[in-house]
Amino acid sequence: MNTGKWSSILATLVGILCLICSSFSEPAPYHTFAKDATAAPPLVFYDYIIVGGGTSGCALAATLSQGGRVLLLERGGLPYDDPNIMDIKGFGATLANTSPSSPSQLFISTDGVINHRARVLGGGTALNAGFYSRASTDYVSRVGWDQRAVNESYEWVENKVVFEPEVGAWQSAVRSGLLEAGQFPYNGFTYDHVKGTKVGGTIFDGSGYRHTAADLLEYAHPPNITIYLHAIVEQILFKTEKLPRPRAHGVLFLDPRGNRHLAFLNRGSANEIILSAGALGSPQLLMLSGIGPTGHLRTHGIKVLLDQPMVGQGMADNPMNAIVVPSRRPVETSLIQIVGITQFGSYVESASGPVAFNWVNGLNQQYHKLSNEQTSWPSSVPANQSTSSSRANEAHIDDFMDASQPAGIILEKISGPYSSGHLELQNRDPNDNPRVTFNYFHDRRDLQRCVQGMELIRRVIDSRSLSRFRYPLTPVQTLINWMLTFPVNLRPRRVSAAFSMEHFCEDTVMTIWHYHGGCQVGKVVDRNYRVVGVDALRVIDGSTFSESPGTNPQATVMMLGRYMGQRILNERDSQCNEAVED
């Protein structure tokens, strides 16, 4: 036997197998680069310091680790430690958790709407309903991104964390109901944002196991990345002496024991600090670091580094309204899978099974907790024409349904939206939420879209397809009246909301957790996401959006982390090449 020949063949086969295996990333070796912040030295140096390991930050960190040393600071822990996060059935329980260390930090806007802020590696992808859908090509064109690079970045995300859902009986009925209601065409399964009815992607696999943006760190180059968990960033540090304008060069962060640590950038003009702390965290941290409206900063005793009145402006949250539909037969456990993307700017979606009940029940539990603590009502909640309130009607809920009652929830989300508000500091503690006003339905165009969306939901509920689940003697109007008894927010209820769909929209508005703004492109950051007026500082997350992309922004926020990470590395390579030529 020619051993040399067989050795050559074997070597070739091994090479092919290695090439095949190399295209599939192994699970991230978190034990080698993710540590509690208590393990951090007092002083560290990196090429990139990323504040926030959320939806964008994980993708960004994984990408930048391919070309530089990266420090990722996350104020929460790993999602994998919490079974409620990782199992689809724990969706409501995660949101209902109001403990000080909860991965879902409760906040209430001045509009009286109960909301949540992620406090976990993976950010909102560890808390949300899992739906995955890309931004439209028109959106990509409007914001000036390169479509080819965007598509490649989406695919990079999809290869790791996105799945085609298994559509069950309830979701199928909603899909057919949308088509019966005229929501054409049917586009089948697609990630693309296209008008009509479609099946979208999901970050839950076939076993109901959640995959989050934290999984994207499996793409990271382990020797080049360090993650400190439970790290609270207090302030961005700047150099100002003998410089034309301030230059970011480090951050100050706390570990869980209250010890302070310093992280500085290595020498090099390409090295940067990047905020990916989300629509609340990024503008909050800019203000705490002296970048924001002068008068507001001075009110809190913060030394002004840069007067930037647009920090915290343009805060918007896409309003959501819903109807819970009790079912006379069992329904599958499902979160968002089907969507009707309308011509008038409203998206209709659905969930079913215990998670549908827990979605609303989680808000009920938080409402009761707030009531028991005698939390003051937000000052800007409209009270005109109020003759009854959610507090007065809360006793009727138990008469309607409990966790054992099969049910679905059908909701509509307003695209955009047109209405926006602002964010302000409540104090100088980075652990505390800022004060946020979203001004739901302040622009009447949003209200008109809600009315149209609710009318579409009414037709879906009345469709022949949903009749097999509906109680035949319970009309839609009864479901609307029941919805008015749910304490889903802290806003007053008007008697007129039972027959005025405009008042129903205003009185029962909820969040779908797609809030954005505060560091918008063209106002706080430039088109390369650099903070205007300072050097070596960018913001790359949903705070830069002027409108929410697609039916769910998570796809685009993860994509943005990858997209901008590659652009930053390309810029670094260009600077290195120029230095070599010089």
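The values are calculated or read from the model by the stated rules, or taken from the named source; none is laboratory data. A quick note: this is a predicted structure, and the numbers were derived from the prediction, not measured. Here the Cβ is made from the backbone with ideal geometry for all residues, glycine too, and neighbour counts use every protein chain on show. In case anyone asks, the SASA skips ligands and DNA or RNA and just uses the protein heavy atoms, side chains included. Shrake-Rupley method; radii C 1.70, N 1.55, O 1.52, S 1.80 Å.
Data overview
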item: Single unsatisfied condition, Val381 versus (1) at pLDDT below 95; (2) in contact with a helix residue (DSSP H, G or I) (Cβ under 9 Å, 6 or more places away or on another chain); result: (2)
item: Residue list for segment 512-535, filter: crowded, with 22+ Cβ neighbours inside 10 Å and either free of Cβ contacts under 8 Å to residues at least 60 places away in the same chain or small (Gly, Ala, Ser) (or both); result: Gly517, Gly518, Val525
item: Qualifying residue in segment 48-56 (condition: under 23 Å from Pro430 (Cβ atoms), at pLDDT below 95, outside any strand (DSSP E or B) and open to solvent by 10 Å² or more (accessible area, probe 1.4 Å)); result: no
item: Enumeration of residues in segment 480-511 that are open to solvent by less than 10 Å² (accessible area, probe 1.4 Å), aliphatic (A, V, I, L, M) and modelled with pLDDT of 95 or more; result: Ile480, Ala497, Val509, Met510
item: Strands (runs of 3 or more DSSP E) wholly inside segment 67-174 that include at least 3 residues being over 21 Å from Leu275 (Cβ atoms) and open to solvent by less than 20 Å² (accessible area, probe 1.4 Å); result: none
item: Some residue of segment 404-425 being in a helix (DSSP H, G or I), touching a strand residue (DSSP E or B) at 6+ places or on another chain (Cβ under 8 Å) and surrounded by fewer than 22 Cβ atoms within 10 Å (Cβ to Cβ); result: no
item: Every residue from segment 194-232 that is out of contact with any Ser or Thr (no Cβ under 7 Å at 6 or more places or on another chain), crowded, with 18+ Cβ neighbours inside 10 Å and hydroxyl-bearing (Ser, Thr, Tyr); result: Thr197, Thr202, Thr226, Tyr228
item: Filter result for the condition that a residue is within 18 Å of Ile225 (Cα to Cα) and at pLDDT 95 or above, over Ala28, Ala39; result: Ala39
item: Qualifying residue in segment 427-450 (condition: touching a helix residue (DSSP H, G or I) at 6+ places or on another chain (Cβ under 6 Å) and either assigned to a strand (DSSP E or B) or open to solvent by 30 Å² or more (accessible area, probe 1.4 Å) (or both)); result: no
item: Subset of segment 462-507 [under 20 Å from Gln448 (Cβ atoms) and touching a Phe, Trp or Tyr at 6+ places or on another chain (Cβ under 6 Å)]; result: Ala497, Glu506
item: Qualifying residue in segment 491-505 (condition: part of a helix (DSSP H, G or I) and closer than 16 Å to Ser419 by Cα); result: yes
item: Residues being buried (at least 20 other Cβ atoms within 10 Å of the Cβ) and assigned to a strand (DSSP E or B) - total across segment 37-47; result: 1
item: Any chance Ala135 is in contact with a Pro (Cβ under 9 Å, 6 or more places away or on another chain) and within 27 Å of Gly416 (Cβ to Cβ); result: yes
item: Qualifying residue in segment 249-259 (condition: within 22 Å of the chain's Cα centre (by Cα) and hydrophobic (A, V, I, L, M, F, W, C)); result: no
item: Only listed residue being farther than 21 Å from Tyr219 by Cβ, among the small types (Gly, Ala, Ser) and in contact (Cβ under 8 Å) with a residue 24 or more places away in the chain, chosen from Ala118, Ala135, Ala149; result: Ala135
item: Any hit, segment 205-223, residues being in a strand (DSSP E or B) and within 19 Å of Asn266 (Cα to Cα); result: no
item: Test: residue in segment 475-487 that is under 19 Å from Leu178 (Cβ atoms), of a type in the set (A, V, I, L, M, F, W, C) and either assigned to a loop (DSSP other than H, G, I, E, B) or within 24 Å of the chain's Cα centre (by Cα) (or both); result: no
item: Single condition Pro472 does not satisfy, out of (1) within 21 Å of Val113 (Cβ to Cβ); (2) without any contact (Cβ under 8 Å) to a residue 40 or more places away in the chain; result: (1)
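Here is a yes/no grid of residues against (1) open to solvent by 10 Å² or more (accessible area, probe 1.4 Å); (2) in a helix (DSSP H, G or I):
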site	(1), (2)
Ala248	no, no
Val251	no, no
Gly258	yes, no
Ala263	no, no
Ser269	yes, no
Gly281	no, yes
His296	yes, yes
